[in-house]
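Read-outs throughout are calculated quantities, based only on the coordinates presented, and are distinct from any laboratory measurement. The model shown is predicted, which means the values in this text are computed figures rather than measured ones. Cβ placement follows ideal geometry from the backbone for every residue including glycine, while neighbour counts extend to all protein chains displayed.
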Amino acid sequence: PVGGESGVASVSNLQAGAGSPWYLMDTRRPLKPLIYQLREDYSFQAMTSVDDEAVFSRDEFRYGVKARSNVGYGFWQMAFGSKATLDQTNFDAAFAAMGGFKGDNGQPLGIKPNLLVVGMTNRSAANKVIKAQQINGGDSNPNYDAVEVVVVPWLP
């Protein structure tokens, strides 16, 4: 809930559905939708000493990386998640929802998404919505290059 004239207003940055997830984000501002904090830098470590228990017992040399980090949410209005089918209509609805987010004082936050994050199953749909110059047999695509498409292998 966000405080409004009546005291409370419900706001969501989620579009329901049963499909593969896709995310629309505004990453142009200093405060990001997701924050990554490196607490201890990555260091390669080798356990190869003959005094090491694994080397002595099993002739096993172990290698690994040691680090400490944390990840968290930043400004929630800067991201919008959807499991609805990725098409022109749902993309337009998500884009408009993000642009319509207002602060506690009722003023628009000025959010304009610039990144569409999809998994491999939504790659083709994302390219049809964003990269195709023409749709419906020759009409201009109003969403052509509206955002950058990022395909990540960790999403379905």
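Here are some notes:
- Proximal charge balance of L109 [Cβ under 11 Å; K/R count +1, D/E count -1]: +1
- Summing charges over neighbours of A125, with a neighbour being any other residue whose Cβ is under 15 Å away from its Cβ, gives +2 when K and R count +1 and D and E count -1.
- Selected from A126, A54, A94 as most flexible by GNM, with the chain as the system and alpha-carbon contacts under 10 Å: A54
- To the nearest ten degrees, helix 88-99 and the longest principal axis of the Cα atoms of the chain are 90 degrees apart.
- Maximal additional length on extending the R28-V55 stretch stands at 4.7 nm, based on 0.36 nm per residue less the C-alpha distance.
- Environment charge at M47 (Cβ cut-off 11 Å; Lys +1, Arg +1, Asp -1, Glu -1): -3
- Share of Cα-Cα pairs in the chain lying beyond 23 Å, as whole percent: 54 percent
- Note on the chain: lysine pairs with Cα distance below 26 Å, sequence gap of 8 or more or different chains, count 11.
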